[in-house]
Amino acid sequence: MTPDLLHLSQSVADLCRRAGAFIREQVSGFDQSKIVTKGLHDLVSYVDKESEKMLVEGLQQLFPEAGFVTEEGTVVNSDASVEYRWIIDPLDGTTNFLHGLPCFAVSVALARGNRPVLGVVYEVSRDECFRAAEGLGAFLNDKPIRVSQATSIEDTLIATGLPFYKFNHLDAYMAILAEFAQHSRGIRRWGSAATDLAYVACGRFDSYFEFNINAYDVAAGILLVREAGGQVTQWLEDGDPVFNRETLATNGHVHQQMQAVMQQHWQSGFQW
């Protein structure tokens, strides 16, 4: 079955808004004793789990043939051989949420093989819903969006994420960070990769880079950037950035410039 991506993206956006409304309701009365530690600096709460359950149940109804890649383990069909898979982060920016920082999002992508063909990022605190469908453009609250027009690193505002549970290759990463810090308008660490990518898509950020990142963090945002006219690759190669744990997303104009800086310090094939 080939889904109607435009109609489906609108339905998924509605579903993400409902999950976001649930998350928003939990902010003021959240019980810190219900935090579970999955690993060093890797936290999860009942809010993540309930949001994911809500999303999985809704997506099953919208497109029952699709499999799932989920962060919190609400897996219905994770078989990689299925043609379509939902890739879900029910609360991207959990640590922000737990500390009362107003930057966290619901992220849902539909991938055909490894290629996202539908993506929705709902930024909960700002009530901003970004959505895209392959070949049909990208939208913010139903208005078309485009990437920025900056043409040099000196004119870019760059988003990134800092390593938080694996610290191999940290020296190389910090060297890249230092280069960009000295030669750009600034660097922001928002704490939500999905939001970072959505902001590249609408031109608030000019670029975003991060390594050791998961597919559920970036899949929806990658499509947003592409459909808004930007470029997304691995750091040094033009390969698939969804499942290869490194993402460079730009407005397209500064992509090669950023790769050239990265190439001075990074090695293709670094293992995570």
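Okay, here's what the table says:
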quantity: Test for Leu62: is it modelled with pLDDT of 95 or more and either crowded, with 18+ Cβ neighbours inside 10 Å or not aliphatic (A, V, I, L, M) (or both); calculated: no
quantity: Residues within region 142-158 that are more than 17 Å from Asn251 (Cα to Cα) and assigned to a loop (DSSP other than H, G, I, E, B), tallied; calculated: 1
quantity: Test: residue in region 151-164 that is out of contact with any strand residue (DSSP E or B) (no Cβ under 6 Å at 6 or more places or on another chain), farther than 18 Å from Gln259 by Cβ, free of Cβ contacts under 8 Å to residues at least 60 places away in the same chain and not assigned by the TED database to the domain that holds Phe22; calculated: yes
quantity: Residue in region 215-226 that is farther than 21 Å from Phe139 by Cα and not assigned by the TED database to the domain that holds Phe104 present; calculated: yes
quantity: Criterion: under 19 Å from Ala21 (Cβ atoms) and at pLDDT below 95 - qualifying residue of Gly100, Gly73; calculated: Gly100
quantity: Filter pass, Phe139 being in a helix (DSSP H, G or I), under 22 Å from Leu15 (Cα atoms) and more than 14 Å from the chain's Cα centre (by Cα); calculated: no
quantity: Only one of Val121, Val82 that is at pLDDT below 95 and either in a loop (DSSP other than H, G, I, E, B) or buried (at least 19 other Cβ atoms within 10 Å of the Cβ) (or both); calculated: Val82
quantity: Helices (runs of 4 or more DSSP H) wholly inside region 180-272 containing at least 1 residues that are surrounded by fewer than 19 Cβ atoms within 10 Å (Cβ to Cβ), on the phi < 0 side of the Ramachandran plot and of a type in the set (A, V, I, L, M); calculated: 255-263
quantity: Test: Gly161 is buried (at least 16 other Cβ atoms within 10 Å of the Cβ), in contact with a helix residue (DSSP H, G or I) (Cβ under 8 Å, 6 or more places away or on another chain) and modelled with pLDDT under 95; calculated: yes
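The values are calculated or read from the model by the stated rules, or taken from the named source; none is laboratory data. These numbers were taken from a predicted model, which means no experiment stands behind them. Virtual Cβ from ideal backbone geometry, glycine too; neighbours counted across all protein chains shown.
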